[in-house]
Structures are given as structure tokens and as C-alpha cells.
Amino acid sequence: MKVLALSFFVLFLFFSTPIKTTYPVVLMHGVTCDSSEMDPVVKWIHKYIGEDVYVYNMEIGDGYWDSIFNSMYNSVDEFAYKIQSDPILSKAEKINILAHSQGGLIARGYIEMFNDPPVSNFITWSSPHAGVFGTPKYDIEWVDKLLQEMPYIELGQRDVNPAQYWKDPYNYQDYLKKCVFLPYLNNELETKNPKYRDNIISLDHFVIQRSTDDSTVVPGESAWFDFYDENLKVVSYNKTTAYKEDWLGLRTLSESNRLIYQETDCPHGLYPHDECLDNFLKYTMQYLK
Ligand SMILES: *[C@@H]1O[C@H](CO)[C@@H](O)[C@H](O)[C@H]1NC(C)=O
């Protein structure tokens, strides 16, 4: 009888221990590639976190070309539509997002504008959060020329994703007036969108990782929201009015230890490749559990 009681007790303990659930993960690749770029990360998650973790490797439009020639708003809308029409993601209590490069801006757009289902941990690998301003390398001559010489013309602001987060530090007013996406996403304009800020503050963690070996996102510090001043000197975001006045909620996140700065020497394009597996294991994985 005693043995029986004991076994019931043990069974009771076993079933009453809460089982920590791992949230589904959405992956978003960067510019000039498609979702196959993130395939190794799908494998890493299944191997190192759990076979049964639901991973959705996001694609926008046809992949490669639509990662360049699109509008960032369309990309965000499609990102949200696909999450909300997926049977598992749409019913999830929360989801985690891991995004590479430009993918981080699309995913952040989802968080600020939709966040339904809400995001728990948001991890970005070298995303141009504060914009880019540097030698573009799209290997499409007219695109490189457009970005360098007339990033804010209508064509770019309608059909070329990178133009919509191109920030010219010599022409900041032009950027504010004519760039259709990033000034809004970063709540840089006079009229702030409180929802964007609230949704960022609702994150459990926002992990921003930058690389010391980044020649794609220029300056690489943009991955930490840091950017050039008008003398091309990189200024820390936490020294700016935007941070002090908490336009985007990053100060609130930081003061509650939920804004996580990370640094790696992983070359920009190699994040989702086996060369950078160590980076995933050491810094990223803990936020996907
Ligand atoms: C301010 O930002 C820099 C990165 O630009 C970071 O290294 C530093 O830790 C931050 N300071 C505080 C107090 O958060």
C-alpha cells in the first residue's frame, strides 16, 4: 500500500511539474537571397534546441528579387499575412523571431505594426536598424547608382527596399521628408506612433547583435541603432534625443535589462552558415528556448 501511495505521489510530481514550452520560431533572411539561406539555422534549431520546435522559414514574394525590388511596407504586410494565416503560428501564445540583416527591419515592422501573435524574443543579426549609408554592393549598377546619388526619388521609395532605409547623414532633413519607411519605423518624425513604441516595449527581449567584420551594413554599428552624425562619426544611440526621450521604447527595454547588446566577428554573409555555428550556440540559442 505504501509503495502504491508513493508511486502515486511520484506520478503526481511528474505531471504537476510545468513543462516549459518553446515558442515557435520565425526566421527571416536578408537582402539578395531567399529563405534557403536560412536552411542551416532550421537544422541547428532542431538539432540543438529540439526536434519538435516549430520553425517557419519566411519567404517574401519570389525570394531573391523581391528581397531587393519591393516596398518595405509590402514586405511587412506579407510577413504578417503569412504568420497570421499559418495554422500553428496564428494560434501561438507568443512567437520568437530570428532575423538576418534587412530581415530585421521587416520583422520589426511586423512587431510595431501588428504583433499579433505577439513576439517574445526578437533577435537580429546585423540588421541596419539605424539605416545604411555606404558603398552599396548590389552588383546591379543602376541600383548602386540610385542609392548613392538619388536614394529618395519616387522610384526608389516605391520599388527598391534598400532605398527605404538609406539614411544620408549629410541630408538628414531630406531623409526625414522623403524616406517613406525608416523614419516612421524608428519614430523619428515629429508625430510619433505610440503603438510602435508600446509594441517594442512589450518584447521579453530584444537582442541586437552586430559584427566587427561587416562590410555590408555600413556602418556596422547600425545593428545597435548607432549611426553617423553629419561628420561621419558614429554616435551611440543611447547618446541621442531619440533614446533619451524613448521614441521607440529602447530606453525602457534597456532599463529593464531586456535590450541585449551582442558583438561577434562573424562576417555579415556567413551568420546562417556553419562557419558561424559557434555564434549561434554561444549567443543566440539561449533566446530561442
Ligand atoms: C550605449 O551604447 C553603446 C553602444 O553604442 C554600448 O556599448 C553601451 O553599453 C551603452 N551604454 C549604456 C549605458 O547602455
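The values are calculated or read from the model by the stated rules, or taken from the named source; none is laboratory data. The shown structure was predicted, so the numbers you read here are calculated from the model rather than taken from an experiment. FYI the Cβ positions are ideal-geometry reconstructions off the backbone, even for glycines, and counts take in every protein chain you see. Ligands, DNA and RNA are excluded from the accessible area calculation, which covers all protein heavy atoms including side chains. Shrake-Rupley method; radii C 1.70, N 1.55, O 1.52, S 1.80 Å.
Please report, as a whole percent, how much of the solvent-accessible surface of the range 166-253 comes from carbon and sulfur atoms (probe radius 1.4 Å). Intermediate results must be reported in sequence, preceding the final value.
Values: 1970 of 4110 Å².
With neighbouring chains kept in place, the figure for the range 166-253 is 48 percent.
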Bridge orientation stat for the chain from DSSP, antiparallel percent rounded to 5, came to 5 percent
Under a 1.4 Å probe, counting only protein heavy atoms, Tyr287 has an accessible area in Å², nearest 10, of 30 Å²
Ranked by GNM mean-square fluctuation in the chain (Cα springs under 10 Å), the top entry among Asp204, Asp278, Asp116 is Asp278
Note on the range 157-289, DSSP bridge orientation, antiparallel percent to nearest 5 equals 25 percent
Helix 102-113 sits off the longest principal axis of the Cα atoms of the chain, rounded to the nearest 10 on a 0 to 90 degree scale, by 70 degrees
Between Asn57 and residues 5 or more places away or on another chain, the pairs with built amide H atoms under 5 Å apart involve Leu27
With x for Gly and Pro, the residue-by-residue ³J(HN,Hα) of the range 263-268, computed from phi through the Karplus equation 6.51 cos²θ - 1.76 cosθ + 1.60 at θ = phi - 60° and given in whole Hz, is 9, 9, 10, 5, x, 2
Under the 7 Å Cα-to-Cβ spin-label approximation, Tyr172 and Lys145 lie apart by a distance in nanometres of 3.1 nm
With R₀ set to 25 angstrom, the calculated FRET efficiency between the beta-carbons of Ile88 and Ser36, to the nearest 0.05, is 0.75
Under the Karplus relation with 6.51, -1.76 and 1.60 and θ = phi - 60°, whole-Hz ³J(HN,Hα) for the range 276-289, x at Gly and Pro, equal 10, 4, 4, 4, 4, 5, 7, 10, 8, 4, 4, 8, 10, 8
SASA check, Asp144, accessible area w/ 1.4 Å probe, all protein chains in place, rounded to nearest 10 Å², comes out at 30 Å²
Across Leu155, Leu248, Leu185, the residue with the highest GNM fluctuation in the chain (Cα network, 10 Å cutoff) is Leu155
With x for Gly and Pro, the residue-by-residue ³J(HN,Hα) of the range 205-213, computed from phi through the Karplus equation 6.51 cos²θ - 1.76 cosθ + 1.60 at θ = phi - 60° and given in whole Hz, is 9, 10, 9, 10, 10, 10, 10, 7, 10
For Ile260, the residues 5 or more places away or on another chain with a placed amide H closer than 5 Å to its own amide H are Phe206, Val207, Ile208
By the rule of no other cysteine beta carbon under 4.7 Å, the lone cysteines of the chain are Cys33, Cys179
Among GluC sites (Glu not before Pro) in the range 202-266, those in a DSSP loop whose Cβ has at most 14 other Cβ atoms within 10 Å are Glu230, Glu245
Per its Cα gyration tensor (rounded if a/c is under 1.5, else prolate when a/b beats b/c, else oblate), the range 142-289 is best filed as oblate
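With every protein chain left in place, what is the accessible area per residue of the chain in square angstrom, probe 1.4 Å?
Numbers: 13800 Å² over 289 residues.
Result: 48 Å² of accessible area for each residue.
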Once Lys and Arg are counted +1 and Asp and Glu -1 for all other residues with Cβ under 11 Å from that of Asn74, the total becomes -3
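Taking 8 Å as the Cα distance limit and 6 or more residues as the minimum spacing, I'd like the relative contact order of the chain as a percentage.
Working: 503 pairs, mean separation 53.2, N = 289.
With pairs under 8 Å counted, the relative contact order is 18 percent.
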